[in-house]
Amino acid sequence: MNLVLELDNVHYTYAETGQVVLRGVSLQLHAGQRVALIGRNGSGKSTLLLHCNGILRPQQGQIRVHGQVMSYTGPDIRLWRRQVGVIFQHADDQLFSANVAQDISFGLLNLGWTAATARTRVAEVAAQCGVTHLLDRPTHALSGGEKARVALAGVLAMEPAVLIGDECLAALDPWMRQQLLGLFTDLATQGISILLATHDLHLAQTWAQRVVVLEQGTVVADLAAAQLFRDPRWLARTQLDQVLSLDAP
């Protein structure tokens, strides 16, 4: 399989608190994979994701995209963030333009696309995400599910190779969750790698092909979803057996 994104022995400590958050994390994403990242609060999931597109910089280790070591200079970081797009838990954190069309086109125009070419691309991703009817709507007037889809459209406009979601489904109703998961599945069939950090073990079991378990800043399991959730030894080793027993009827 085509290796798209690779974290190699990544370490990170928050300077303000001295808290060690990532302890030698290594992770590989291949084209078209659906991967769930799970772990307790404080295990390092969000910090790991923020390294994937250069928002945070490791004190040790490297991040590679398509085999190329990423640097943090202006041109390189822009290319990196175009290839690895992030959707945050709260869509308001990444919606800031006056209306939906302007928000989706923002990154394209910053890359130097002409207004006409950007409009064409906006129309394509708006249709893909089901927000065509919202293009003239002010972003502040959207529902939570609409904001999530607009945020996704803004990321997809940049034609990323990897799409990362940090608890991006947590605040959505079950219907909207299923719509977005269906869209993520479609994107994966098109070759886009999908990495979702989540506390939803049902999602990890039924949607993800592969599950990565993070514990105290260390990857303690990286397995096919079926293998992880069917093997009592792995469930015990990751303490998922305790959580699943609490969820059992």
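The values are calculated or read from the model by the stated rules, or taken from the named source; none is laboratory data. Since this is a predicted model, take the numbers as computed values, not measurements. Glycine also receives a Cβ, built like all others from the backbone with ideal geometry; neighbour counts cover every protein chain displayed. Keep in mind that these areas ignore ligands, DNA and RNA; they rest on the heavy atoms of the full protein, side chains included. Shrake-Rupley method; radii C 1.70, N 1.55, O 1.52, S 1.80 Å.
Some notes on this structure:
- Among the residues of segment 140-160, those identified as surrounded by fewer than 23 Cβ atoms within 10 Å (Cβ to Cβ) and touching a strand residue (DSSP E or B) at 6+ places or on another chain (Cβ under 8 Å) are Leu156, Met158, Pro160.
- Residues in segment 102-114 that are more than 17 Å from Arg78 (Cβ to Cβ), in contact with a helix residue (DSSP H, G or I) (Cβ under 7 Å, 6 or more places away or on another chain) and either open to solvent by 70 Å² or more (accessible area, probe 1.4 Å) or of a type outside the set (Asp, Glu) (or both): Ile104 only.
- Some residue of segment 17-32 being part of a strand (DSSP E or B), farther than 23 Å from Ala157 by Cα and without any contact (Cβ under 8 Å) to a residue 12 or more places away in the chain: yes
- Looking across segment 82-100, the residues that are without any contact (Cβ under 8 Å) to a residue 60 or more places away in the chain and open to solvent by 80 Å² or more (accessible area, probe 1.4 Å) come down to Asp92, Asp93, Phe96.
- Those residues of segment 79-102 which are over 24 Å from Ala197 (Cβ atoms) and in a helix (DSSP H, G or I), in sequence order: Val100, Ala101, Gln102
- Note on segment 51-77: among residues that are assigned to a helix (DSSP H, G or I) and either in contact with a Cys (Cβ under 7 Å, 6 or more places away or on another chain) or open to solvent by less than 40 Å² (accessible area, probe 1.4 Å) (or both), the one that is nearest to Glu6 (Cα to Cα) is Cys52.
The rows are residues; the columns are (1) in contact with a strand residue (DSSP E or B) (Cβ under 9 Å, 6 or more places away or on another chain); (2) modelled with pLDDT of 95 or more; (3) of a type outside the set (Ser, Thr, Tyr).
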site	(1), (2), (3)
Leu79	yes, no, yes
Ile87	yes, no, yes
Ala91	no, no, yes
Gln94	yes, no, yes
Ser97	no, no, no
Asp103	no, no, yes
Phe106	no, no, yes
Leu111	no, no, yes
Ala115	no, no, yes
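- When Thr189 is tested against (1) open to solvent by 20 Å² or more (accessible area, probe 1.4 Å); (2) among the hydroxyl-bearing types (Ser, Thr, Tyr); (3) in contact with a helix residue (DSSP H, G or I) (Cβ under 7 Å, 6 or more places away or on another chain), just one condition goes unmet, and that condition is (3).
- Residue in segment 169-185 that is in a helix (DSSP H, G or I), open to solvent by less than 60 Å² (accessible area, probe 1.4 Å) and charged (D, E, K, R) present: yes
- Out of Gly107, Gly130, Gly54, Gly61, sole residue that is under 22 Å from the mean Cα position of the chain (by Cα) and closer than 22 Å to Gln179 by Cβ: Gly130
- Here Gly42 fits the description: closer than 27 Å to Gln239 by Cβ and either open to solvent by less than 70 Å² (accessible area, probe 1.4 Å) or not in a helix (DSSP H, G or I) (or both).
- Scan of segment 225-249 for residues that are modelled with pLDDT under 85 and either basic (Lys, Arg) or in contact with a Ser or Thr (Cβ under 6 Å, 6 or more places away or on another chain) (or both), ordered by number: Arg237
- Flag for Met1 being at pLDDT below 95, under 25 Å from Ala204 (Cβ atoms) and either over 13 Å from the mean Cα position of the chain (by Cα) or open to solvent by 50 Å² or more (accessible area, probe 1.4 Å) (or both): yes
- Residue match in segment 231-242 (condition: under 29 Å from Asn53 (Cα atoms) and basic (Lys, Arg)): no
- Residues of segment 115-137 satisfying the condition of being within 13 Å of Asn99 (Cβ to Cβ) and out of contact with any helix residue (DSSP H, G or I) (no Cβ under 8 Å at 6 or more places or on another chain): His133
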